[in-house]
Amino acid sequence: MKYKPENPAPANADALRKIAPTVCYPIDTLPKPDMALYRAARKTLTLVDTVITAPREACCFHVPAGHFFRIVSVEGPQVGDLNLWNANDLNETFYSGKTRALHGTHISTGDRMWSSFPAMRPMATVTYDTLDWYGWDEYGGSVHDVIGTRCDPYTNDVLNGVDYHHCCHSNLIRALAAERGISPNEAEVFVHDVMNVFMCTGFTPDTKQYFMKASPVRPGDYIEFFAEIDLLGGLSACPGGDCSSGHSSDTAACYPLKVEIFRTDDDMLKGWQSPALNGYSRSHGWP
Ligand SMILES: [Zn+2]
């Protein structure tokens, strides 16, 4: 947010502002997901596991590489905060900022969730999204953002001076600690910026502040992913519910979220392999 300028504009200010923008990371050379393969494979899905996230809690779930998973709305409109880890190395996590730089502020079918440095590779690919009809609304809002960081007790303390324990950050910590048999402090370092599943968000036109509005999600809606590597997922049913008003409190109506894990017929994935670790040498120019 920028306040009233303290410095005069130069004579060529208008010309400078008129320079056309360039996309920072054109994705023409990005390895493309084989969507035809995924579309064929998803016709042969067999449900192998179901996990429910209780309202204002989080769950962990396992998705082997080459499997699909869905996050499904049940009972009522509810936003979910999603973390992804390499199941074999918790240091490789979903990288929200780089995913945003590559695919834009909100993701849907065909976009990928990229992992942190130095692995930086696709962790999951979105293969179906029943909310893809929403597009962009008149406020510049859309669903499934990779902007928000997750609601957390520290920001809540700064803004409201309240000790609240069921923010998505804490929910994910408790779920990961229970999953791995580690302490909350040990788990906290692995909890990272999320994908906001079903959340409807954008930036205000004047101040460019992050906004949220009631999610259009309804029971039966789902977003589906293909696991590119062995995944451990964490999903928090946000205390904001549909995020139409507030979060970080017990006031909003909250509902569970369902995670479904599917396998596909073995012969459907012939020719597919898990993405390799990033190819950069990691010398960083060191002599
Ligand atoms: Zn939240």
query = Hey, which of these cross-link pairs are over 27 Å Cα-Cα: Lys32/Lys98; Lys98/Lys208; Lys98/Lys213; Lys43/Lys258; Lys43/Lys213; Lys2/Lys98?
reply = Lys43/Lys213
inquiry  = So if I restrict to the alpha-carbon atoms in the range 48-265, what is the Rg, and what is Dmax, the biggest pairwise distance, in Å?
reply    = 15.9, 52
ask   = For Thr130 and Asp206, FRET efficiency with R0 = 30 Å and r from the beta-carbon atoms, rounded to 0.05?
value = 0.40
inquiry  = Quick check for me: using +1 on Lys/Arg Cβ and -1 on Asp/Glu Cβ, what's the dipole size of the range 48-265 about its Cα centre, in debye to the nearest 20?
reply    = 140 debye
query = All other residues with a Cβ under 13 Å from the Cβ of Ile182 taken together, and with Lys, Arg as +1 and Asp, Glu as -1, what is their net charge?
reply = -1
note = Checked against the positive end of the charge dipole of the chain (+1 on Cβ of Lys and Arg, -1 on Cβ of Asp and Glu, about the Cα centre), the farthest of Ser283, Thr264, Ser115 is Ser283
task = Only helical DSSP H runs with n ≥ 4 go in: add -39500 (n - 2.57) per run for the chain, normalise by residue count and round the 222 nm mean residue ellipticity to 500 deg cm²/dmol.
result = -4500 deg cm²/dmol
ask   = Summing Lys, Arg as +1 and Asp, Glu as -1, what charge do residues with Cβ under 10 Å from the Cβ of His144 carry, His144 excluded?
value = -4
For the range 95-154 versus the range 1-51, the gap between their alpha-carbon centres in whole angstrom = 9 Å
note = Taking a ≥ b ≥ c as the square roots of the Cα gyration tensor eigenvalues, with a/c under 1.5 meaning rounded and otherwise prolate when a/b beats b/c or oblate if not, the range 123-251 comes out oblate
message = List the Cys residues of the chain that have no partner Cys with a C-beta closer than 4.7 Å.
response = Cys24, Cys59, Cys60, Cys168, Cys200, Cys238, Cys243, Cys254
task = Can you tell me which of 273-279, 85-91 comes out highest on packing, and rank the rest after it, using the mean Cβ neighbours within 10 Å?
result = 85-91, 273-279
ask   = Toward the positive end of the charge dipole of the chain, about the Cα centre and with charges on Cβ (Lys, Arg +1; Asp, Glu -1), which of Ser96, Val23, Met35 goes farthest?
value = Val23
message = Just to check I understand the Karplus step: with θ = phi - 60° and J = 6.51 cos²θ - 1.76 cosθ + 1.60, what whole-Hz values come out for the range 119-131, glycine and proline as x?
response = 5, 4, 8, x, 8, 8, 10, 6, 10, 6, 8, 5, 9
The range 1-136 - charge dipole about Cα centre, Lys and Arg +1 at Cβ, Asp and Glu -1, debye rounded to 20 = 360 debye
key: Relative contact order of the chain, defined on C-alpha pairs under 8 angstrom at six or more residues apart (%)   = 34 percent
ask   = Based on the mean of other beta carbon atoms within 10 Å per residue, what is the order of 144-155, 41-52, most packed first?
value = 144-155, 41-52
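Every number here is computed from the coordinates shown, using simple stated rules; none is lab data. Please read these numbers as outputs of a predicted model, since none were measured by experiment. Every residue, glycine as well, gets a Cβ built from its backbone with ideal geometry; the counts of neighbours run over all protein chains shown.
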